Amino acid sequence: MRKKYESPLNSRYSTDEMLYIFSPENKFRTWRKLWVALAESEKELGLDISDEQIEELKKYQDNINFEVAEAREKVVRHDVMSHVYAYGEQAKSAKPIIHLGATSAYVADNTDVVVMTEGLRLIKAELLEVIKALRDFADEYKSLPTLSFTHFQPAQISTVGKRASLWLQDLLMDFGEVEHQLGNMKLLGCKGTTGTQASFLELFEGDEAKCVELDKKICSKMGFDSAFAVSGQTYPRKLDYQVLSVLSGIAQSAYKFGNDIRLLQHLKEIEEPFEKNQIGSSAMAYKRNPMRSERICALSRYVITDTLNTAITASTQWFERTLDDSANKRISVPEAFLCADAILTLYRNVASNLVVYPKVIEKHLNEELPFMATENLLMDAVKAGGDRQELHEKIRVLSMEAGMAVKNEGKPNDLLERIAADKSFGLSAESLKNTVKAENYVGIAPLQVEMFLKDYIDPLLEANKDLLGMKAGEIKV
């Protein structure tokens, strides 16, 4: 029996890949990579740091003595200095130059940016897989007529694929935001205690150009194009809000999809996958609850609200820095990524295995189609020699009567039979049957789907084909 609380994001929902990105191991390895980058850059800019010191730092870069750091932190109550100490215990010759001139934010903040960037790259790949799954579904069902809804009331006829294209378009917008944010990720760089680089100006004996070059070198070694041009002690906390806003956008799209699937499953038109031995309800054995779509919605709600944490943190920072951001960031940022990761795993699973019931869809169409066809039928009757005004009134009356029979008596919609029985329309039951077909009322929905896939989705997938093919995350419960 486990005695300590464990986040369900760790035990139930998130993938191993995202869990590693936000793991202590990845964080502290990145710290050491940053210390190596700092020492190398300082050496290249003329400080007295030897090749042997650099090589010793690299030797122990990935071999972290966690137990030494943990023991030291209990004494000094400072995580960065504890790891500086632990690194120095291994790389003894380099001990005097580890973290030279830097403040804690150098490793902490730059690592946060690195980790968020890695997280966004994984999100990008996962998002592509969902887009690919929905693209195939939309293409397969682009011409299958379905009853569309406004206000969850029957509206005109659309197609199953057209509805899926609406989900796809949301994800296409999200993908653009992910790419935009990845293109705007910047390191803090090496700015010193309040962002003035005063300590480095001292180290470089007043050479301002070397202070500027230091930032550039560290960015290059860490795989970034640039650092923030100006900062306080930390990078602007607005960056966290911008990143989580991207994740919130994905959550909003997933929430919409999840809710639509829940409603469609209630209608018995489309269902999420349901495994052979899966139990839908502990009490009602026959139930097939849309639990994956419900979980998508639940986790999406968390990400959307979690974004508020970063908004408040960004707006309440004092001057060059205050530490009330730290504890919040340690929770809100990783959990948003872990949630978004779980959402996309579920989304991909559901989108790849949707079950469509065309006969039920047809049944629902037939219940409403006669009403929707009345304008066309009126035109056909006029062409056959009828009076438009007289026939319009008759259709109105017959429609009301048929509607009341459906609502009050539970009878099927017999409007077409009523019209066929009225000789003034001059329309036979056979002609009505040939006219009132759902595919005649979908507009250009199939063409819209084809054009959307051809012009937007397929080029996106082709441009990012190297990212496709990642193994699907496991649905743990």
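I'd like the full set of residues that are small (Gly, Ala, Ser), touching a residue at least 40 places away in the same chain (Cβ under 8 Å) and surrounded by 12 or more Cβ atoms within 10 Å (Cβ to Cβ), limited to the range 367-400. First the steps, then the outcome.
Residues of the range 367-400 small (Gly, Ala, Ser): 373, 381, 384-386, 399.
Next, from what is left, pick out any that are touching a residue at least 40 places away in the same chain (Cβ under 8 Å): 373, 381, 384-386.
If the condition is that a residue be small (Gly, Ala, Ser), touching a residue at least 40 places away in the same chain (Cβ under 8 Å) and surrounded by 12 or more Cβ atoms within 10 Å (Cβ to Cβ), then Ala373, Ala381, Ala384, Gly386 are the ones that fit.
Which one of the conditions (1) buried (at least 21 other Cβ atoms within 10 Å of the Cβ); (2) on the phi > 0 side of the Ramachandran plot does Asp174 fail to meet, given that it meets all the rest?
(2)
Checking the condition at pLDDT below 95 and not acidic (Asp, Glu), which residue from Gly192, Gly206 passes?
Result of the check over Gly192, Gly206: Gly192.
Let me spell it out: the conditions are (1) modelled with pLDDT under 95; (2) among the hydrophobic types (A, V, I, L, M, F, W, C); (3) over 19 Å from Leu346 (Cβ atoms), and Ala39 meets all of them except one. Which number is the exception?
So Ala39 meets the others, but not (1).
Is there a residue in the range 183-200 that is more than 25 Å from Lys454 (Cα to Cα), surrounded by 19 or more Cβ atoms within 10 Å (Cβ to Cβ) and aromatic (Phe, Trp, Tyr)?
Yes: one or more hits.
Since Gly385 meets every condition but one in (1) under 15 Å from Leu427 (Cα atoms); (2) part of a helix (DSSP H, G or I), which condition does it not meet?
(2)
Restricting to the range 50-63, name every residue that is out of contact with any Lys or Arg (no Cβ under 7 Å at 6 or more places or on another chain) and not small (Gly, Ala, Ser).
We begin by selecting, within the range 50-63, every residue out of contact with any Lys or Arg (no Cβ under 7 Å at 6 or more places or on another chain); these are 50-53, 55-60, 63.
Hits for the range 50-63 are Asp51, Glu52, Gln53, Glu55, Glu56, Leu57, Lys58, Lys59, Tyr60, Asn63.
Filter the range 428-477 down to the residues that are modelled with pLDDT of 95 or more and aromatic (Phe, Trp, Tyr), then identify the one that is surrounded by the fewest Cβ atoms within 10 Å (Cβ to Cβ).
Ranking the qualifying residues of the range 428-477, first place goes to Tyr456.
Does the range 402-446 hold any residues that are closer than 17 Å to Ile361 by Cβ and of a type in the set (Lys, Arg), and which are they?
Selection gives Lys437 alone.
Report, ordered by the first and then the second residue, all pairs with beta carbons closer than 7 Å, sequence separation of six or more or different chains, a first member in the range 401-427 that is free of Cβ contacts under 8 Å to residues at least 40 places away in the same chain, and a second member that is assigned to a helix (DSSP H, G or I) and among the acidic types (Asp, Glu).
Arg418/Glu401
Being surrounded by fewer than 17 Cβ atoms within 10 Å (Cβ to Cβ), at pLDDT 95 or above, assigned by TED's automatic domain parsing to the domain that holds Lys132 and under 30 Å from Val230 (Cβ atoms) narrows it down to one of Leu247, Leu323, Leu308, so name that one. Explain how you work it out, then say what you get.
Numbers: Leu247 fails: surrounded by fewer than 17 Cβ atoms within 10 Å (Cβ to Cβ); Leu323 fails: at pLDDT 95 or above.
After ruling out the rest, the residue left standing is Leu308.
Looking for something free of Cβ contacts under 8 Å to residues at least 40 places away in the same chain and part of a helix (DSSP H, G or I) - is there at least one such residue anywhere in the range 120-132?
no
Filter the range 462-477 for residues that are part of a helix (DSSP H, G or I) and either more than 17 Å from the chain's Cα centre (by Cα) or of a type in the set (Phe, Trp, Tyr) (or both) and give the result. Lay out the reasoning, then the answer.
Going through the range 462-477, the residues part of a helix (DSSP H, G or I) turn out to be 462-463, 465-467.
Glu462, Ala463, Lys465, Asp466, listed by residue number.
Say whether the condition of being crowded, with 18+ Cβ neighbours inside 10 Å, over 30 Å from Asp240 (Cβ atoms) and in contact with a helix residue (DSSP H, G or I) (Cβ under 7 Å, 6 or more places away or on another chain) is met by at least one residue in the range 329-342. Please lay out each step first, then the result.
Taking the range 329-342 and keeping what is crowded, with 18+ Cβ neighbours inside 10 Å, we get 329, 332-342.
Filter again for over 30 Å from Asp240 (Cβ atoms), leaving none.
Within the range 329-342, none of the residues are crowded, with 18+ Cβ neighbours inside 10 Å, over 30 Å from Asp240 (Cβ atoms) and in contact with a helix residue (DSSP H, G or I) (Cβ under 7 Å, 6 or more places away or on another chain).
Quickly run through the range 134-159 and pick out the residues that are buried (at least 21 other Cβ atoms within 10 Å of the Cβ) and either of a type outside the set (A, V, I, L, M) or under 19 Å from Asn349 (Cβ atoms) (or both).
Leu134, Arg135, Phe137, Ala138, Tyr141, Lys142, Pro145, Thr146, Ser158, Thr159
Out of (1) surrounded by fewer than 23 Cβ atoms within 10 Å (Cβ to Cβ); (2) at pLDDT 95 or above, the odd one out for Ser165 is which?
So Ser165 meets the others, but not (1).
Under the condition of being of a type outside the set (Asp, Glu) and crowded, with 22+ Cβ neighbours inside 10 Å, which residue from the range 256-272 is nearest to His180 (Cα to Cα)? Break it down into steps so the answer makes sense when it comes.
Narrowing the range 256-272 to residues of a type outside the set (Asp, Glu): 256-259, 261-268, 270.
From the residues that got through so far, the ones that are crowded, with 22+ Cβ neighbours inside 10 Å too are 257-258, 261, 264, 270.
Working: Phe257: 23, Gly258: 26, Ile261: 29, Leu264: 34, Ile270: 34 Å.
For the range 256-272, the residue satisfying everything is Phe257.
In the range 300-354, what residues are of a type in the set (Lys, Arg) and farther than 30 Å from Leu263 by Cβ? Walk me through it before giving the result.
First, pick out the residues of the range 300-354 that are of a type in the set (Lys, Arg): 301, 321, 329-330, 348.
Matches in the range 300-354: Arg321, Lys329, Arg330.
Looking at the range 75-109 only, could you name the residues that are over 22 Å from Pro236 (Cα atoms) and among the hydrophobic types (A, V, I, L, M, F, W, C)?
Selection gives Val75, Val76, Met81, Val84, Ala86, Ala91, Ala94, Ile97, Ile98, Leu100.
If Tyr87 satisfies every condition in (1) modelled with pLDDT under 95; (2) more than 26 Å from the chain's Cα centre (by Cα); (3) not charged (D, E, K, R) but one, which is the exception?
(1)
The values are calculated or read from the model by the stated rules, or taken from the named source; none is laboratory data. Since the model is a prediction, treat every value here as computed from it, not as a measurement. Virtual Cβ from ideal backbone geometry, glycine too; neighbours counted across all protein chains shown.
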